[in-house]
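Presented below is the structure to which this report refers.
Each value in this text was obtained by applying a stated rule to the coordinates, not by laboratory testing. This one's a predicted model, so the numbers in the text were calculated from it and none came from an experiment. Cβ placement follows ideal geometry from the backbone for every residue including glycine, while neighbour counts extend to all protein chains displayed.
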């Protein structure tokens with residue numbers, strides 16, 4: 001697989017057409033699995049890790065369902081390519097920064113990926129656009145069953161699936177939903193909401209998962225513990241909370257429209273204007289301004305800009321994506337200039353008109 005081909009298109013989970021997609025960017029389910037015949041990854045030597053990769057690759061090659069899947073040897077990639085896959089949400093930072101034989105199998109539509117030798121021997125993840133956890137579960141359960149028909153997983157009758165991290169023991173499942181919550185940030189309600197989530201054992205992380213910052217007002221909400229709970233219970237736990245979060249965000253947006261309309265319009269129009277005219281701009285500032293523009297599009301304050309375009313810009317303006325799209329490695333100053341040019345090409349109307357609603 002040539003990563004340049006991925007860079008030039010938009011992944012399935014960024015379509016912006018799933019349920020509640022004005023606020024919910026994506027739904028993801030991840031399963032952690034280990035092979036019974038090998039030590040956990042951190043206890044493996046390079047020969048063990050190579051054997052794990054070979055065993056899993058062979059099992060995938062023998063299943064018709066995986067015939068179109070492309071395997072990428074992450075251990076042989078240069079840093080910019082590994083970072084590209086992280087930005088694309090196809091691999092984790094841990095897999096990117098790991099050691100020894102490791103890789104990822106990627107669905108051509110980017111709806112699922114299989115990480116080999118991350119924290120566990122196998123990490124299966126499925127991502128859908130919008131709030132669509134049930135469909136994600138059906139897909140990942142099918143994938144897991146197909147692999148388990150050919151591989152013996154590390155499994156304990158009482159504890160369930162055995163994993164490198166104790167919090168994943170049991171189902172090995174992490175259910176997460178990525179939300180865009182700019183109005184809760186603006187109205188300073190976000191910390192109160194997150195304290196409430198932590199009380200019911202839900203974790204809040206940034207755009208790229210554990211250890212990452214909440215850039216662009218994106219937050220991932222997921223279960224913390226899997227032991228003693230079934231897959232259905234974990235999905236239900238997250239599924240019950242997300243609609244409440246959506247309601248809080250929508251109420252906050254309604255409040256801003258009603259009580260601070262001029263300030264809101266000014267925030268959105270300034271953000272759009274800077275993105276359309278800047279000659280140089282950092283990744284962090286781009287994320288912050290795109291967040292305001294995305295909210296403005298959803299509230300009808302900006303016309304003639306489609307949501308998939310905004311969603312795509314969040315990813316395509318990240319450092320590694322810019323370099324893959326340009327075809328050359330760029331230093332920070334050149335990336336900032338290239339980012340500004342890329343934003344102008346995709347946000348300014350071809351006739352030079354103003355996309356902002358008056």
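FRET efficiency for residue 17 and residue 331, Cβ-Cβ distance as r, R0 = 51 Å, nearest 0.05? Please list the in-between numbers first.
On the way: r = 37 Å, r/R0 = 0.72.
Efficiency, rounded to the nearest 0.05: 0.90.
Return the label of the correct value of Cα extents along the principal axes in Å, as calculated from the structure shown, out of (1) 64, 46, 32; (2) 75, 75, 45; (3) 57, 53, 43.
(1)
Place the peptides 119-125, 328-334, 9-15, 314-320 in order of packing, highest mean first, counting for every residue the other Cβ atoms within 10 Å and averaging per peptide.
Output ranking for 119-125, 328-334, 9-15, 314-320: 119-125, 314-320, 9-15, 328-334.
Going by average Cβ density within 10 Å per residue, which order do the peptides 87-95, 170-178 take, highest to lowest?
170-178, 87-95
How high is the FRET efficiency between residue 185 and residue 97 when r is their beta carbon distance and R₀ equals 30 Å, given to the nearest 0.05? Could the numbers behind the result be given before it?
Working: r = 29 Å, r/R0 = 0.97.
The value I calculate is 0.55.
Could you check the spin-label model distance between residue 63 and residue 80? Points 7 Å from the Cα along Cα→Cβ, value in nm.
Reported label-point gap for residue 63 and residue 80 is 3.5 nm.
Residue separation times 0.36 nm, minus the C-alpha to C-alpha distance between residue 42 and residue 225: what's the value?
Numbers: separation 183, 0.36 × 183 = 65.88 nm, distance 2.13 nm.
Length gained, residue 42 through residue 225: 63.8 nm.
So for 111, 2, fewest C-beta neighbours within 10 Å to most, what's the order?
2, 111
Order 233-239, 127-133 from most to least packed using the mean count of other Cβ atoms within 10 Å.
My ranking of the peptides, most packed first, is 127-133, 233-239.
At R0 = 22 Å, how high is the FRET efficiency between residue 255 and residue 307 if r is their beta carbon distance? Nearest 0.05 is fine.
0.50
What percent do you get for the relative contact order of the chain when only Cα pairs under 8 Å and 6+ apart count? Show your work: numbers first, answer last.
Details: 615 pairs, mean separation 68.7, N = 358.
Relative contact order here is 19 percent.
Take the alpha-carbon centre of the stretch 59-106, take the same for the stretch 304-351, and report the distance between them in whole Å.
24
Okay, helix-only estimate at 222 nm for the chain: each DSSP H run of n ≥ 4 adds -39500 (n - 2.57), divide by all residues, round to 500 deg cm²/dmol; what do you get?
Value at 222 nm, helices only: -14000 deg cm²/dmol.
Provide the three semi-axes, in whole Å and in decreasing order, of the ellipsoid equivalent to the stretch 166-258 as defined by the square roots of 5 times the Cα gyration tensor eigenvalues.
Square roots of five times the eigenvalues give 26, 14, 10 Å.
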